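To start, the structure under review is shown below, and the notes come after it.
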Amino acid sequence: MTSTNRSSPGGVGSGRLSRWTSGEGRAKTLRTKLLEEFQLCATNTSKHQVAMDDIDVEDNEEEACSPKASVEAERTLREGRYRVVRLVGHGTFGEVLKCREGSDLVAVKRVFLQKAVRSKESCYANTLDHAMREAATLRTVGEESDHVVGIRDAWHSDSVLSLALEYCSSDLRRVMDKAPLALAREPYLKRVMLDLLSGLGACHRNGIIHRDVKPSNCLVSSRGKVKMGDFGQATMKRYYEEEAKEEEDGACPTGAMTHAVSTRWYRAPELLYGSRCYDEKVDVWSLGMTLAELVRGGEPFVKGESDIDQMAKVFRTFGTPNEETWPGIANLPDYGKIIFDDFDAPPLSEHFSHQVPPSLVDFMSKFLCLNPAERWSAEELSSHGYFGEEPLACEPEDIEELLEDLDLVH
């Protein structure tokens with residue numbers, strides 16, 4: 001199978017992409033690895049060669065493209081595998097297009113390399129980092145779970161890098177905005193959580209840490225399946241395990257992973273304390289916060305105004321940790337820099353305005369342990385007794401019908 005980057009004669013490492021890997025130290029090493037993963041992704045996901053000139057605009061009055069999307073698509077995407085339906089969103093360095101591949105819908109994410117380079121190099125690098133991370137991680141998890149957004153294709157020219165992803169019509173944030181308590185009903189809640197735990201479990205089995213689990217990144221397909229999406233902050237543990245082997249004691253290398261990941265309200269306590277040697281349990285905490293938000297009808301469970309305020313509110317909700325409740329906490333980089341009041345944790349059920357079944361409270365508590373060693377894994381959570389109690393999880397078709405009722409199938 002041939003890589004799709006034929007519009008870049010020097011290969012994936014040429015031109016602006018090679019500039020992205022320039023630099024020194026760990027950042028250069030990581031970007032080089034991501035670039036290698038992208039090359040494999042471009043080779044292994046493509047059913048046939050696709051260059052930037054192989055895409056055309058769909059002529060469909062019912063789903064007309066916006067003027068911006070039409071002009072851009074006519075200029076750079078011509079006659080071939082994908083037909084542009086409409087522009088979904090755009091920013092300084094890229095855009096997302098809803099396209100058709102035969103009868104299937106796909107989302108084509110495009111990073112404008114020329115615009116990024118002309119602007120600010122650090123922003124360009126971050127934008128490209130996210131696209132490369134998404135390609136690398138989705139290639140790794142492959143087709144193991146139907147609850148991770150699939151990658152269909154990847155290619156680039158010297159000016160645009162593109163990913164073709166499975167199209168999902170909505171996400172949990174949009175559903176809650178339309179109908180705050182619709183997914184709090186137990187049959188729906190159980191279906192959503194089973195789907196997300198399946199997707200997250202597949203990621204974790206493949207050594208992927210998502211690092212940005214939140215409602216807007218939990219996507220919902222038009223057929224009612226809930227999927228993990230947006231892997232722009234994801235990383236693969238093997239990159240850092242390789243470095244750890246080079247350390248004399250085999251420990252996680254200092255500064256191996258950044259703690260500046262995950263949206264604040266969903267950020268795990270170890271990240272708030274500056275940990276750089278965390279694991280997939282940070283995703284479990286974030287999914288627990290998402291679960292609590294679903295139960296609360298779209299209101300974030302712990303909503304800090306800053307990182308310090310977030311920590312204070314987390315401790316007020318779950319109790320202030322110490323060496324007895326969280327062995328090793330004193331070794332975290334930012335522990336002790338700020339002294340918090342010594343809070344005792346009230347019962348979790350007291351944080352909800354309506355009565356929550358005890359089994360759901362217990363289920364939620366397995367996500368939201370301050371000590372990451374005490375959090376259950378995604379696989380363990382999938383087998384929690386909560387799912388065996390009546391009412392049972394609804395079917396994906398029920399989620400699909402809900403999306404249609406809320407006019408969220410676009």
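Test ALA345 against the criterion of being modelled with pLDDT of 95 or more and either small (Gly, Ala, Ser) or not assigned by TED's automatic domain parsing to the domain that holds ASP279 (or both), and give yes or no.
No; evaluated as a whole, the condition is false for this residue.
Can you tell me which residue within segment 257-282, out of those that are among the basic types (Lys, Arg) and more than 13 Å from SER306 (Cα to Cα), is surrounded by the most Cβ atoms within 10 Å (Cβ to Cβ)?
LYS281
Looking only at segment 295-321, how many residues end up being of a type in the set (A, V, I, L, M), free of Cβ contacts under 8 Å to residues at least 40 places away in the same chain and closer than 16 Å to THR263 by Cα?
Result for segment 295-321: 2.
Within segment 381-410, how many residues turn out to be assigned to a helix (DSSP H, G or I) and aliphatic (A, V, I, L, M)?
Going through segment 381-410 one residue at a time, the tally reaches 4.
List, please: which pairs have Cβ atoms under 9 Å, are six or more places apart or on different chains, and start with a residue in segment 365-383 that is within 25 Å of GLU350 (Cβ to Cβ) and end with one that is of a type in the set (Phe, Trp, Tyr) and modelled with pLDDT under 95?
Once the first residue is within 25 Å of GLU350 (Cβ to Cβ) and sits in segment 365-383, its partners that are of a type in the set (Phe, Trp, Tyr) and modelled with pLDDT under 95 give PRO372/TYR278.
Cβ-Cβ below 6 Å, separation at least six or inter-chain, first residue in segment 168-189 and among the acidic types (Asp, Glu), second in a loop (DSSP other than H, G, I, E, B): which pairs?
GLU186/PRO391
Kindly establish whether LEU183 is over 23 Å from TRP285 (Cα atoms) and either touching an Asp or Glu at 6+ places or on another chain (Cβ under 8 Å) or buried (at least 22 other Cβ atoms within 10 Å of the Cβ) (or both).
Spelling it out, it is not the case that LEU183 is over 23 Å from TRP285 (Cα atoms) and either touching an Asp or Glu at 6+ places or on another chain (Cβ under 8 Å) or buried (at least 22 other Cβ atoms within 10 Å of the Cβ) (or both).
So that you can scan it fast, the table gives a plain yes or no per residue for (1) out of contact with any Leu (no Cβ under 9 Å at 6 or more places or on another chain); (2) farther than 25 Å from ARG191 by Cβ:
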site: THR290; (1), (2): no, no
site: GLY298; (1), (2): no, no
site: GLN310; (1), (2): no, yes
site: THR325; (1), (2): no, yes
site: VAL356; (1), (2): no, no
site: ASN371; (1), (2): yes, yes
site: ARG375; (1), (2): no, no
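For segment 352-410, which positions are surrounded by 13 or more Cβ atoms within 10 Å (Cβ to Cβ) and among the small types (Gly, Ala, Ser)?
SER359, SER365, SER377, ALA378, SER382, ALA393
Tell me which residues, restricted to segment 190-221, are crowded, with 21+ Cβ neighbours inside 10 Å, over 15 Å from the mean Cα position of the chain (by Cα) and under 18 Å from LYS366 (Cβ atoms).
Across segment 190-221, the qualifying residues are VAL192, MET193.
Quick one: VAL160 ticks every box in (1) closer than 29 Å to LYS281 by Cβ; (2) surrounded by fewer than 24 Cβ atoms within 10 Å (Cβ to Cβ) except a single one, so which number is it?
Going through the list (1) closer than 29 Å to LYS281 by Cβ; (2) surrounded by fewer than 24 Cβ atoms within 10 Å (Cβ to Cβ), VAL160 breaks only (1).
Report, by residue number, each residue of segment 322-335 that is without any contact (Cβ under 8 Å) to a residue 40 or more places away in the chain and surrounded by 10 or more Cβ atoms within 10 Å (Cβ to Cβ).
Answer for segment 322-335, where residues must be without any contact (Cβ under 8 Å) to a residue 40 or more places away in the chain and surrounded by 10 or more Cβ atoms within 10 Å (Cβ to Cβ): ASN322, GLU323, GLY328, ALA330, ASN331.
The values are calculated or read from the model by the stated rules, or taken from the named source; none is laboratory data. As the structure is a prediction and not an experimental result, all values here were calculated from the model. Ideal geometry is used to build each Cβ from the backbone, glycine not excepted, and the neighbour counts take in all protein chains shown.
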